[in-house]
Amino acid sequence: MSSTLHSFEQAATRAAHDRPQQETVRTSLGTYNRALNAGRERFASWSEARHRARAVKADAVAHLGEYLEQFEARITSRGGHVFWAETAADARDYILDLARRRGVRSVIKSKSMVSEEVHLGAALEGAGLEAVESDLGEFIVQLRNEPPYHIVTPAMHLRRAQIAALFQQKLGTPAGADSAEDLTMAARHYMRARFASAGMGITGANFLIADAGMVAITENEGNARLTASLPPVHVVLTGIEKILPRLTDLALFWPLLSTAGTGQAITCYSSLIGGPRQPGEADGPEEFHVVLLDNGRTRVLADQERRDTLQCIRCGACLNVCPVFHTIGGHAYGTTYSGPIGAVLTPLLRGEKEFGHLSFASSLCGACTEICPVEIDLHHHLIENRRDSALQHVRPLPERIGMRAFRWLMSDAARYARLAQLARHLLRFKNAWVPEGSPLDLLRPWTASRDLPEPPRESFREWWQRTRQERGGHA
Ligand code: SF4
């Protein structure tokens, strides 16, 4: 068993028993669901918007190289720099080297999952730089020294009282200062000085616009805009798949992302950034760099079957509807990207050997595919990942025996019907004579957190035959 699988099983088991945390997450998701439903109503046709978005992203991914070169040419024509980072280490080295050359001592960051992917925070700290997260949720998890819980709402698992206690301990806020306003003001007060003194601002990107050569960022706090404009050096760290062909595509993608992500019609701040400060401009950085990260993405691009996973706009909607995510939360995955998209993408980006087990952590209910605003067929990708895993590795003996037994059972209709009837009798016997949870209850691990339904008196096939015969038809 790989160490990542072992830690996943342990963390998932712990999280599955953490009822208070599940309650916090469910409350937060309840609010999200109501906002999402209202948000989709604002579209003339949500399904048409999804079709259109899929087509635009499919074109962007199919012509990724051309669009990225177009983007690069526009950025460099305004005096910006574009660095193509093949690996996470390349991206980290470029940013650290830039910080050294510019004599940077402190860095302010806004939310960027790619910076989590390349472990930039640890690299900056290791180089002796102070690095402060300016997104409130990211700031909270940074103070707790833990990774984001969710790709859109990093501190979704925490209650306000926990955050108040954290701020008292780390920022010295007074006891009783625990309203949302108190906590936000405390974080703002702490960050203000860091914004003013930072030698470098690092942001992510929601989209890269090829024809305009612009970086599009959506946010609700205004911190990304400050991060991009106050420090003398601005670095955008982003994955290559964030490209959109045209500026006009934002008319669809900005509302689509904010609706799928938070249920908002549009986020509070939408910024377009295209380079360093130009002559005559009042603000903006002296230097502007875009780091385009590959880190396995071109491998996914070369895979015709899976390349549509690069269409993901990181809205987080598939996490929000996933029953597995609801139960085990974001940290149990042990990866940057959690939930269905993480379970699909992580084995592709970081290796099936270490992360293939994530594709098995799914009920395959298909809710993720149904909600995805760019129509990525997530649950079928999970099945494809499982297929590849089964082809590449010898599965554990009990699983192989189980699968052979299943094949034997399913390959003969009469045999299946007889055994299903026997199973119903056994279940009825068990329900009548073996109390749930007793030592004789062999299904105890399963029934510990679920109700065992009463088996029906007749199977679907029996019911079908009987009703057809009653109506005088043929069974
Ligand atoms: S896979 Fe779809 S639903 Fe999930 S984060 Fe990406 S765009 Fe959103």
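The values are calculated or read from the model by the stated rules, or taken from the named source; none is laboratory data. Because the structure is predicted, anything quoted here is derived from the model rather than measured. Methodologically, a virtual Cβ is constructed for each residue, glycine included, from the backbone with ideal geometry; neighbour enumeration extends over all protein chains shown. Just so you know, the surface numbers come from the protein's heavy atoms only, side chains and all, with ligands and any DNA or RNA stripped out. Shrake-Rupley method; radii C 1.70, N 1.55, O 1.52, S 1.80 Å.
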Label point distance in nm, D97-A282, each placed 7 Å from Cα along Cα→Cβ
3.7
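Would you mind counting up the charge near D441? Only other residues with Cβ under 14 Å from its Cβ, with Lys and Arg at +1 and Asp and Glu at -1.
Values: positive: K430, R444, R450; negative: E436, D451.
Residues near D441 contribute +1 overall.
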Excluding same-chain residues fewer than 8 positions from K430, which aspartates and glutamates have a Cα within less than 15 Å of its Cα?
D441, D451, E454
Scan around V82 for amide H atoms under 5 Å from its own, H built in the peptide plane at 1.01 Å from N, and keep only partners 5 or more places away or cross-chain.
V290
Between E458 and L409, the two model label points (7 Å from Cα along the beta-carbon direction) sit apart by a distance in nm of 2.3
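Taking a quarter of the surface of the Cα convex hull of the range 60-298, what do you get in nm²? Don't skip to the answer; put the middle values down first.
Values: hull surface 52.0 nm².
Spelled out: convex hull of the Cα atoms, projected over all directions, averaged, 13.0 nm².
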Compute the angle between helix 180-197 and the longest alpha-carbon principal axis of the chain, please, reported from 0 to 90 degrees and rounded to the nearest 10.
40
List the cysteines of the chain that have no other Cys Cβ closer than 4.7 Å: which are they?
C268, C312, C315, C322, C365, C372
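Based on the inverse mean of 1/r over its pairs of different Cα atoms, what is the Kirkwood hydrodynamic radius of the range 414-470, in Å? Before the final figure, lay out each step's value.
Values: mean 1/r = 0.0774 Å⁻¹.
Result for the range 414-470 stands at 12.9 Å.
Pop the C-beta distance of A302 and K353 into the FRET formula with R0 = 22 Å and round what comes out to the nearest 0.05. Walk me through the intermediate numbers first.
Details: r = 19 Å, r/R0 = 0.86.
My answer for the efficiency is 0.70.
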If one computes the Cα centroid of the range 108-174 and of the range 229-279, what distance in Å separates the two points?
22
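Normalised by the residues of the range 60-298, what does the relative contact order come to in percent, with Cα pairs under 8 Å and at least six apart?
Working: 431 pairs, mean separation 69.0, N = 239.
Reported relative contact order: 29 percent.
Note down the net charge around A85, summing +1 for each Lys or Arg and -1 for each Asp or Glu among other residues with Cβ under 10 Å from its Cβ.
Computed value for this residue: -3.
What's the long-distance tail for the chain, i.e. % of Cα pairs beyond 39 Å? It would help to have the intermediate numbers written out before the result.
Details: 34636 of 112575 pairs.
That tail contains 31 percent of the Cα-Cα pairs.
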Along the range 26-33, Karplus-curve 3J(HN,Hα) (6.51, -1.76, 1.60; θ = phi - 60°) to the nearest Hz, with x for Gly and Pro, reads 5, 4, 4, 6, x, 4, 4, 4
If packing is taken as the average number of other Cβ atoms within 10 Å across a peptide's residues, how do 30-41, 84-95 rank, most packed first?
84-95, 30-41
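Helix-derived [θ] at 222 nm for the chain: sum -39500 (n - 2.57) over DSSP H runs of at least 4, divide by residue count, nearest 500?
Working: 23 runs with 254 residues, N = 475.
After summing the helix terms and dividing by the residues of the chain, the value is -16000 deg cm²/dmol.
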Tell me, what HN-Hα J-couplings in whole Hz come from the Karplus equation 6.51 cos²θ - 1.76 cosθ + 1.60 at θ = phi - 60° for each residue of the range 73-89, using x for Gly and Pro?
4, 5, 5, 5, 5, 9, x, x, 10, 10, 10, 8, 9, 6, 10, 4, 5
Counting only backbone N atoms under 20 Å from a point 7 Å out along Cα-to-Cβ of E48, the residues of the range 244-265 in range are 248-260, 265
If I model a spin label at S270 and R188 as a point 7 Å from the Cα along the Cα→Cβ vector, what separation in nanometres do I get?
2.4
What fraction of the DSSP beta bridges in the chain is antiparallel, stated in percent and rounded to the nearest 5?
25
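Given that compact globular proteins tend to follow 2.2 N^0.38 Å, what is the ratio of the alpha-carbon Rg of the range 102-206 to that value?
Normalised Cα radius of gyration, the range 102-206: 1.07.
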Around A131, with a cut-off of 9 angstrom between Cβ atoms, what is the net charge of the other residues, counting Lys and Arg +1 and Asp and Glu -1?
-2
With all protein chains present, how much of the accessible area of the range 414-470 (probe radius 1.4 Å) comes from carbon and sulfur, to the nearest whole percent?
62
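In the range 1-109, what percent of the accessible surface is made up of carbon and sulfur (1.4 Å probe, ligands and nucleic acids excluded)?
C and S atoms contribute 49 percent here.
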Checking the range 390-475 for trypsin sites (Lys or Arg not before Pro) in a loop per DSSP with at most 15 other beta-carbon atoms within 10 Å yields R450, R457, R471
Using only the Cα atoms of the range 297-435, what are the Rg and Dmax in Å?
18.5, 59
Rolling a 1.4 angstrom probe over the protein heavy atoms, how many square angstrom per residue are accessible across the range 414-470?
82
Could you go through the range 135-141 in sequence order and give the Karplus-derived ³J(HN,Hα) for each residue, using 6.51 cos²θ - 1.76 cosθ + 1.60 with θ = phi - 60°, rounded to whole Hz, and x for Gly and Pro?
6, 4, x, 5, 4, 4, 6
